[in-house]
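The values are calculated or read from the model by the stated rules, or taken from the named source; none is laboratory data. Not measured: the values here are computed from a predicted model. Methodologically, a virtual Cβ is constructed for each residue, glycine included, from the backbone with ideal geometry; neighbour enumeration extends over all protein chains shown. Just so you know, the surface numbers come from the protein's heavy atoms only, side chains and all, with ligands and any DNA or RNA stripped out. Shrake-Rupley method; radii C 1.70, N 1.55, O 1.52, S 1.80 Å.
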Amino acid sequence: MSLAKYILASIMTGFLSAGVAVLGQIAPSNDAAAIQALQSGQFEKAIEMADAALTQDAHDCRMLTIRALALRNSGKRAEGLQSFKLATSVCPSFLPALKGLAETQYAEHSSDAPATLERILELDPDNETSHAMLAVLYARSGDCSAAISHFSKAQKLVASNPAAMSQFGSCLIATGDSERAKPILETVLEKRNSRGDRLLYAYACWQAKDYTAASAALNPLLQSPTPDPEAMSLAARIAESSGDTPRAVALLQQAITAKPDDAQNYLIFAEISFNHASYKVGVDMLNAGLQRLPQNARLYVARGVLEVQQGALEDAMTDFRKAHQLDPSQSLAGDAIGIMLDQRHQTADSLAAYAQQARAHPDDALVQYLYAEALSQSSAEGSVPNDTAALAAARRAVKLEPDYQPALDLLCQLEFRAGNINASLEIAQKAIARNPEDETAIYQEMMAYRRLGKKHEVDELVAKMKQVKEHQRDARTNYQLQEVTSPE
């Protein structure tokens, strides 16, 4: 059972009975028979009685809700949903109808469920079930900030549900509050002690820089007769963070041996190799990874980065082109540029090599982009010779491949540096239209509006940039959490 389904099953237990109890509390005596039929499972009888009552008063909130509950629980979910909608339309503040509608929408994964739950909370702000359901929905959609707010308002219900506590802890990690997540996830581990719980708690400790607790949490998984590959991978990250690189390397080698088709372990190994200037060792490991995973674009990017450090620029170019060919929709090469073209590693010889590649491949958008990026990184802002050549190469890259996001980002920066503010703004807006969370393009649009003196637009973009950064941080952390834990 998935986490969401588990939470749904456990949180929603009793929601129907709660609705019926409310009906019983407020219903007049002549409705008692219909409620009794509903409670005893005589759904057809309850429907007949409700229909008879509604012929006398089509706007009877109690009977509309009884009918909807009976339809849904007799297996007629679509009819039940329509009846709940009718009941809440006729009686928009009738809580039993709203609760029944929310439960049905939630179970059907309807996008209307959050609005219904928010309406319930307007009428009943302390309803923990609604807070818990909203928390799950917001966490599922990636809005961990909203999820945390609702989890916090359903403390009693969440505390009795390890699955909900686990998701609460995951969201706290995603929003950078690993310290607060630790005791919550430690409680989950004590209650359930599953593999996923142990990995998640160890991850929270690692993120909180409590390396001792993180390592201790993983020991049972590492010391089993068949050590857990995900635990070894996480333990390697923890060891590297605590300064024990030999242990990190040994653990990664074991993880790769145990799970040779997991690209993430090769990438972690490459990162450690880069950080310690052990480029050849990293390339050798990536070669092994690519023998098993020849279609993995990220492995080609990582190998290209290490090849640049070895001075093998042509090999790096080949790898970047291959990565771009395999996954042109992603900014794979662009992700490597910040490291690859750090000015500490930039020399006249490497720039000459980029120029040679650009001349040899005038119709290769990726090569033109890389050459433009190399030139832009090597020159100070306003340096005419390199910026002029960089601008020409970036324009050519965009002309060859108009939808290549990294090239659009670079071109809007270079146009701005050249004083072409309107051109920079136009290109930035095109990039944002393709990817609304493109931080580089949003920043350049903001700078262009600032130069044009449009304060209102600047203020809006500052707020938007903050939201994008928070969302991307949450997304990155959620991705890491998915790597660490798998559904059980």
Seminar exercise, completed: Once phi for every residue in the range 238-255 is put through the Karplus expression 6.51 cos²θ - 1.76 cosθ + 1.60 (θ = phi - 60°), the whole-Hz ³J(HN,Hα) values, with Gly and Pro written as x, are 5, 4, 5, 5, 8, x, 9, 5, x, 5, 4, 5, 4, 5, 5, 4, 5, 5
For this session: Could you order peptides 82-90, 457-465 by the average number of other Cβ atoms within 10 Å of their residues, highest first?
Result: 82-90, 457-465
Exercise. In straight Cα distance, which aspartates and glutamates are under 18 Å from Lys76, not counting same-chain residues fewer than 8 positions off?
Worked result: Glu44, Glu48, Asp51, Glu103, Glu108
Seminar exercise, completed: Phi-derived 3J(HN,Hα) across the range 83-100 with the Karplus relation (6.51, -1.76, 1.60, θ = phi - 60°), rounded Hz, x for Gly and Pro, is 5, 5, 4, 5, 4, 6, 6, 6, 10, x, 10, 8, 4, x, 5, 5, 5, x
Exercise. Arg450 accessible area, nearest 10 Å², 1.4 Å probe?
Worked result: 130 Å²
Problem set entry | Protection proxy ranking of 433-445, 171-183 - average other beta-carbon atoms within 10 Å, highest first | 171-183, 433-445
Problem set entry | Integer Hz, Karplus 6.51/-1.76/1.60 couplings in order for the range 220-229, x for Gly and Pro | x, 6, 7, 9, 6, x, 10, x, 6, x
For this session: Name the aspartates and glutamates eligible as straight-distance cross-link partners of Lys466: C-alpha to C-alpha under 18 Å, and not fewer than 8 places from it in the same chain.
Result: Asp143, Asp177, Glu437, Asp438, Glu439, Glu445, Glu457, Asp474
Exercise. Roughly how many Å is it from the Cα centre of the range 32-47 to that of the range 93-139, as a whole number?
Worked result: 24 Å
For this session: Can you tell me the order of 418-430, 156-168 when each peptide is scored by its average per-residue count of other Cβ atoms within 10 angstrom, highest first?
Result: 156-168, 418-430
